[in-house]
Amino acid sequence: MTISFQTWMQTVWISVTQPAEMAGKVLSMQFSRDVLWTALALVAVLNVLLLGVLQLISPMSADAPEQVITVSPFGYLAIIGAFLTFMIFMLVHAGRMMGGDGTIEGTLTLLIWFQAVSLTLEGMQVLLVLLSPAIAALFGLMSLGAIIWVFVNLVNVLHGFANLGKAVVVIFMALIGTVLGTGLVMGMLGITPPGAL
């Protein structure tokens, strides 16, 4: 099956406007765990590439270089990979604590789909920066709201909750565990925030 640019953008639009319905369709796809982990690795690489593009169009200010964490591409890849991996397991366990029934495979599938949609919106914002930073900033705010809405609905469908409130709590719990875990990985890599002793 060939997916054109127009078809993909229509799919992204449906994912934003009807996230619950799209989540159900995505979950109905059956992929092996090996394929899903490979796709997650690809998503991590795409995130690093997008970060590289953002650094090119938004050069670091020479006045305050100490405010930026300098990390190699492999360092970024390790951090993003760790973040996504921790997020998967945290979403599964936090969801089950709240009575959900999400699986590792289901979480992988939906997180990869979410990342694909998110990267598409971020890519559009990068293009808009080249045309108008003001429009790009407005689009960025709208995109942030959209991806939060999409993510909450994906988690809600993943665990079969009856309301979005439980999904929000699960995401909050998962983020705490993910940030702590990713912070541990950063510490092992010797990466510290600006100003840290």
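The values are calculated or read from the model by the stated rules, or taken from the named source; none is laboratory data. A quick note: this is a predicted structure, and the numbers were derived from the prediction, not measured. Positions of Cβ are generated from backbone atoms using ideal geometry, with glycine treated the same way; all protein chains shown enter the neighbour counts. What goes into the accessible areas is simple: the full protein's heavy atoms, side chains included, and nothing from ligands, DNA or RNA. Shrake-Rupley method; radii C 1.70, N 1.55, O 1.52, S 1.80 Å.
Do we have VAL129 as modelled with pLDDT under 95 and of a type outside the set (Phe, Trp, Tyr) here?
Against the criterion (modelled with pLDDT under 95 and of a type outside the set (Phe, Trp, Tyr)), VAL129 qualifies.
If you go through region 40-63 one residue at a time, do you hit one that is open to solvent by 50 Å² or more (accessible area, probe 1.4 Å), of a type in the set (Gly, Ala, Ser) and at pLDDT 80 or above?
As a first pass, look at region 40-63 and keep what is open to solvent by 50 Å² or more (accessible area, probe 1.4 Å): 41-42, 45-46, 49, 51, 53-63.
Pick out the ones that are also of a type in the set (Gly, Ala, Ser) and you get 41, 58, 61-62.
From what's left, at pLDDT 80 or above: 41.
Yes: one or more hits.
Can you give me the ranges of the helices (runs of 4 or more DSSP H) entirely in region 79-197 with at least 1 residues that are open to solvent by 30 Å² or more (accessible area, probe 1.4 Å), within 22 Å of VAL45 (Cβ to Cβ) and among the acidic types (Asp, Glu)?
Answer list for region 79-197: 104-131.
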